[in-house]
Amino acid sequence: MIVTSETGVTLVGGAPISAQMLGLCLERAPTLVAADSGAGRALALGHRAIATIGDLDSLDPDVRARLPSDSLHPIAEQDTTDFAKVLRNVEAPFLLGIGFTGALLDHTLAALSTLAAHKGAPCVLVSDHEVIIHAPRSLSLNLPLGTRVSLYPLWPVTGRSRGLEWPIEGLTLGPLNQLGTSNRVIARDVHLEFDAPGTLVFLPPEVLDAALAGLGISARSPGEGGL
């Protein structure tokens, strides 16, 4: 294991990120780890990762020169993405991933597949536009009325819902037939059950803390840690 942390870990990838959203992640998960070129994204916003993990083929030479050599952890194999390499080499109570979606579409799709396949500590993907979690078999969320909740199954799955305008019971959700995008909260206590893994839940970024609570994550409160 390259990084072991007693607090949540923020993972930063190479896609564009905002200072505000990175700051929100670090308030909740103060240990910063970069995936390859994510180290440059972090440095540009005034943060230095304690470790940079990946094949490092996208790491700018100028950024590499600014990083301590012992913080660089090259992993040469090309069978997995840098996001996957980071996930399997970081041990923490939970992980927030920023900079893994929103740039190249194929990279975003690869990140979503990696998130669904991940079997370690809970991981939440975060951007300025959304929060993405891989739903466990049972998920309870406390959300404001009218909140957008999108369910995206990566393979066929059935389930039940409570608190959504359009219930999913009786449906077989799947990527090639019935999706669950743009549902809406009609009761603050939302409960989802699925008969198999593989469903991603997309939420607006302002309910990040509710998403974390639904996964049983006790994150640092905003303001507890310095940026």
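The values are calculated or read from the model by the stated rules, or taken from the named source; none is laboratory data. None of the values given here were measured: they were computed from a predicted structure. FYI the Cβ positions are ideal-geometry reconstructions off the backbone, even for glycines, and counts take in every protein chain you see. SASA here: full protein model, heavy atoms, side chains in, ligands and nucleic acids out. Shrake-Rupley method; radii C 1.70, N 1.55, O 1.52, S 1.80 Å.
Taking the numbered list (1) modelled with pLDDT of 95 or more; (2) in contact with a Pro (Cβ under 9 Å, 6 or more places away or on another chain); (3) open to solvent by 60 Å² or more (accessible area, probe 1.4 Å) in turn, THR4 passes all entries but (2). Select from segment 28-46 the residues that are touching a residue at least 60 places away in the same chain (Cβ under 8 Å) and open to solvent by less than 40 Å² (accessible area, probe 1.4 Å) and list them in ascending order. The answer is ARG28, ALA29, THR31, ALA35, GLY38.
Test ILE168 against the criterion of being without any contact (Cβ under 8 Å) to a residue 40 or more places away in the chain and of a type in the set (A, V, I, L, M), and give yes or no. Taking the combined requirement at face value, the residue satisfies it. Within segment 1-40, the set of residues being in a strand (DSSP E or B) and closer than 15 Å to VAL131 by Cα comprises THR10, LEU11, VAL12. Of the residues that make up segment 211-224, is at least one touching a residue at least 40 places away in the same chain (Cβ under 8 Å), in a strand (DSSP E or B), of a type outside the set (A, V, I, L, M) and in contact with an Asp or Glu (Cβ under 8 Å, 6 or more places away or on another chain)? Scanning segment 211-224 turns up no residue that is touching a residue at least 40 places away in the same chain (Cβ under 8 Å), in a strand (DSSP E or B), of a type outside the set (A, V, I, L, M) and in contact with an Asp or Glu (Cβ under 8 Å, 6 or more places away or on another chain). No other residue among GLY23, GLY8 is of a type outside the set (A, V, I, L, M, F, W, C), within 16 Å of CYS123 (Cβ to Cβ) and touching a residue at least 40 places away in the same chain (Cβ under 8 Å) apart from GLY8.
Output yes when any residue across segment 108-118 is within 22 Å of ALA219 (Cβ to Cβ), assigned to a loop (DSSP other than H, G, I, E, B) and in contact with a Gly (Cβ under 9 Å, 6 or more places away or on another chain), and no when none is. The answer is no; no qualifying residue exists.
A residue that is over 19 Å from the mean Cα position of the chain (by Cα) and assigned to a strand (DSSP E or B) occurs somewhere in segment 73-83.
Listed here are the residues, each with its yes/no results for (1) at pLDDT 95 or above; (2) open to solvent by less than 10 Å² (accessible area, probe 1.4 Å); (3) under 21 Å from ASP209 (Cα atoms).
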residue: GLY54; (1), (2), (3): no, yes, no
residue: LEU67; (1), (2), (3): no, no, no
residue: GLN78; (1), (2), (3): no, no, no
residue: ALA92; (1), (2), (3): yes, no, yes
residue: ASP106; (1), (2), (3): no, no, no
residue: ALA117; (1), (2), (3): no, no, no
residue: VAL124; (1), (2), (3): yes, yes, yes
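Just wondering, is there one or more residues in segment 56-71 that are closer than 17 Å to THR114 by Cβ, in contact (Cβ under 8 Å) with a residue 24 or more places away in the chain and not β-branched (Val, Ile, Thr)? Yes, that holds for at least one residue.
Please work out which residue is farthest from HIS118 (Cα to Cα), limiting yourself to segment 151-170 and to residues that are open to solvent by less than 60 Å² (accessible area, probe 1.4 Å) and assigned to a loop (DSSP other than H, G, I, E, B).
Ranking the candidates gives GLY163 first.
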